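Q: One structure, as C-alpha cells, below. Some questions next.
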Amino acid sequence: MSLLNLVKMLKEEYIQNMRRERIRRKEGLKLRLYIQNLRAPKNTKNMEN
C-alpha cells in the first residue's frame, strides 16, 4: 500500500467521522429539546399542587 493511498483512506475516514459527529450533535440537540418539553408540563403541574 502506498503512502498516498493511506492518506486518501485516512481523509475519507475523517470526512465520514465529521459527518457522523454533525448528525449526532443535531440528534442530541433534538433529544434534549424533546426531554425539556416532556419535563416542562410536569414541573408546572407540580407547582400548582
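Only the coordinates and a few stated rules stand behind these numbers; no lab work does. Only a predicted model underlies this, so the values are computations on that prediction, with no experimental measurement involved.
Q: Which whole-Hz couplings ³J(HN,Hα) result when phi for each residue of the range 11-26 is put into the Karplus expression 6.51 cos²θ - 1.76 cosθ + 1.60, θ = phi - 60°, listed in order with x for Gly and Pro?
A: After applying 6.51 cos²θ - 1.76 cosθ + 1.60, I find 4, 4, 4, 4, 4, 4, 5, 4, 4, 4, 4, 4, 4, 4, 5, 4 Hz.
Q: On full extension of the chain, what length is gained from K26 through L6, given 0.36 nm per residue of separation minus the C-alpha to C-alpha distance?
A: Computed gain between K26 and L6 is 4.1 nm.
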